[in-house]
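Notes for the one structure printed next.
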Amino acid sequence: MMPFWDTNLGILILTVLKTLALVVPLLIGVAYLTWFERKVMGAIQLRKGPNVVGPFGLWQPFADALKMLTKETIIPTGADKILFVLAPMITFGLAIIAWAVIPVNNGWGIANINVGILYLFAVSSLGVYGVVVAGWASNSKYAFLGALRSAAQMVSYEVSMGFVIVTVLLLAGSLNLNAIVLAQKHLWFAVPLFPLFVIFFISGLAETNRAPFDLAEGESEIVAGFFVEYSAMSFALFFLGEYANMIMISGMTTVLFLGGWLSPLPFLPGGVLWFLLKVLICLFVFVWVRATLPRYRYDQLMALGWKVFLPISLVYLVMVAGVMEYAGWLPNA
């Protein structure tokens, strides 16, 4: 007789439990990332940040959530109502489902599939649809301009991100994220691929529309960009989607370049805590950059993606492939 966990029902229940074990802490993490950002920015700007609601302002995310829940959702008269409501759901949903393949420990991913990196790249690429749909459905010139900016920005930076990921795959010899982490057992890929590590992280800033690449929101010229017409929980979903994407990009950076759950010290065991620490460091850099750097001009944004990052990532890819072929390191060669 087969054990219960090997039956279809057992597999389904196990998958649901694994999903809840990942999604619930992720949602709590997204909520407290807003608190973390405000605290770090407050320290950088010599302010206190949230300090009223609860000890050290720890209940502030719940107060913000309650405020959003009790506000009225206003839909503009000329808006496409179905797409208007659907857009923030797309953004938030894609940010959550991307975590299905990210391993937080050895074999701890919800779906340990052999093409995990392709799934991750596909889901992150779909994120632009939520922004474009929001800009179109709002029936506002400001929102539409923000959506167009975001679409051009994401396309520009995804090309160089693609070449960076291909270079990592060459070194790892696998598309499985768990195998990519294990391939860094002796040396994290951030060391031999340091320029690509920097390019990937900066491209992640552009992918998530974070400063200094927040041209899609450009408060000084297009008010708030693609979500200028949003309010209450629909606005909150965009807000949470952006922060969930920050955590997702930090998770991708950790898996592809920083050894995932592996310990940096040989005498210490790896585990989930190392993964969380590396993600937290990446998130700190996200906030640090926002608090210190001014916004790029749009032509500078495009020039950086197409004239700097793309040539460097392409040349580095060719160099790595050439060195590996010459040295006989190519996988399955």
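Based on DSSP H runs of at least 4 residues, each adding -39500 (n - 2.57), what is the mean residue ellipticity at 222 nm of the chain after dividing by all its residues, to the nearest 500 deg cm²/dmol? Could the numbers behind the result be given before it?
Working: 12 runs with 214 residues, N = 333.
Mean residue ellipticity at 222 nm (helix-derived): -21500 deg cm²/dmol.
If you find the alpha carbon centre of the range 126-186 and of the range 50-91, how far apart are they in angstrom?
25
Here are labelled values, [x] -0.43, -1.22; [y] -0.41, -1.35; [z] -0.56, -1.19, and one is the computed log10 I(q)/I(0) by the Debye sum over Cα atoms at q = 0.08, 0.15 Å⁻¹ for what I pasted. Which one?
[y]
Report ³J(HN,Hα) in whole Hz for each residue of the range 163-180, in order, from the Karplus equation J = 6.51 cos²θ - 1.76 cosθ + 1.60 where θ = phi - 60°; Gly and Pro get x.
So the J values, rounded to whole Hz, are 5, 4, 5, 4, 4, 4, 4, 4, 5, 7, x, 7, 9, 7, 5, 5, 5, 5.
What is the distance, in nm, between label points placed 7 Å from the Cα along the Cα-to-Cβ direction at Val315 and at Tyr129?
Using points 7 Å along Cα→Cβ, the separation is 3.7 nm.
Could you tell me the calculated FRET efficiency between Leu9 and Leu66, based on Cβ-Cβ distance and R0 = 51 angstrom, to the nearest 0.05? Please list the in-between numbers first.
On the way: r = 38 Å, r/R0 = 0.74.
After rounding to 0.05, the efficiency reads 0.85.
Please work out how much length the chain gains when fully extended from Ile74 to Trp288, using 0.36 nm per residue of separation minus the C-alpha to C-alpha distance, in nm with one decimal. Walk me through the intermediate numbers first.
Working: separation 214, 0.36 × 214 = 77.04 nm, distance 3.36 nm.
Fully extending the segment from Ile74 to Trp288 adds 73.7 nm.
Would you grab the residues whose amide H sits under 5 Å from the one on Ile74? Only those 5+ places off in sequence or on another chain, please, with H modelled 1.01 Å from N.
Amide H to amide H, under 5 Å and 5 or more residues apart or across chains, Ile74 pairs with Ser231.
Name the most mobile residue of Glu72, Glu217, Glu229, meaning the one with the largest mean-square fluctuation, in a Gaussian network model of the chain with Cα contacts below 10 Å.
The residue that fluctuates most here is Glu72.
Output the peptides 232-242, 266-276, 80-90, 36-46 sorted from most to least packed, where packing is the average of other Cβ atoms within 10 Å over each peptide's residues.
Working: 232-242: 20.9, 266-276: 13.7, 80-90: 17.7, 36-46: 15.5.
So the order, starting with the most tightly packed, is 232-242, 80-90, 36-46, 266-276.
Could you derive backbone 3J(HN,Hα) for the range 32-44 from the dihedral phi with the Karplus parameters 6.51, -1.76 and 1.60 (θ = phi - 60°), listing whole Hz in sequence and x where the residue is Gly or Pro?
7, 5, 4, 5, 4, 4, 5, 5, 5, 5, x, 5, 5
Straight-line reach from Lys185: which lysines have a Cα under 28 Å away, not including same-chain ones fewer than 8 places off?
Here the lysines satisfying the reach criterion relative to Lys185 are Lys18, Lys278.
Could you give the length gained by full extension between Leu276 and Trp59, i.e. 0.36 nm per residue of separation minus their alpha carbon distance, to one decimal place?
Values: separation 217, 0.36 × 217 = 78.12 nm, distance 2.17 nm.
Between Leu276 and Trp59, full extension yields an extra 76.0 nm.
Which percent of the accessible heavy-atom area of the range 168-316 goes to carbon and sulfur, probe 1.4 angstrom? Write out the running numbers ahead of the final one.
Numbers: 4400 of 6010 Å².
So the carbon and sulfur contribution to the accessible surface is 73 percent.
Would you mind working out the accessible area per residue for the range 1-100, using a 1.4 Å probe, and quoting it in Å²? Present the calculation step by step, with values, prior to reporting the outcome.
Working: 6500 Å² over 100 residues.
For the range 1-100, the solvent-accessible area averages 65 Å² per residue.
With a 1.4 Å probe and every protein chain left in place, work out the accessible area per residue of the range 230-333 in Å², rounded to a whole number.
Per-residue accessible area for the range 230-333 comes out at 50 Å².
Give me the percent of the accessible area of the range 1-134 that comes from carbon and sulfur atoms, probe 1.4 Å, all protein chains in place. Can you show the working numbers first?
Working: 5900 of 7970 Å².
Within the range 1-134, the accessible surface is 74 percent carbon and sulfur.
Convert each backbone phi in the range 73-84 into a coupling constant with the Karplus relation 6.51 cos²θ - 1.76 cosθ + 1.60 (shift: θ = phi - 60°), then list the ³J(HN,Hα) values in order as whole Hz, x for Gly and Pro.
7, 9, 10, x, 4, x, 7, 7, 4, 5, 5, 4
The values are calculated or read from the model by the stated rules, or taken from the named source; none is laboratory data. Quantities reported herein were computed from a predicted structural model and do not represent experimental measurements. All Cβ positions, glycine included, derive from the backbone under ideal geometry; neighbour counts span all protein chains shown. Please note that ligands, DNA and RNA were not included when accessible areas were found on the heavy atoms of the full protein model with its side chains. Shrake-Rupley method; radii C 1.70, N 1.55, O 1.52, S 1.80 Å.
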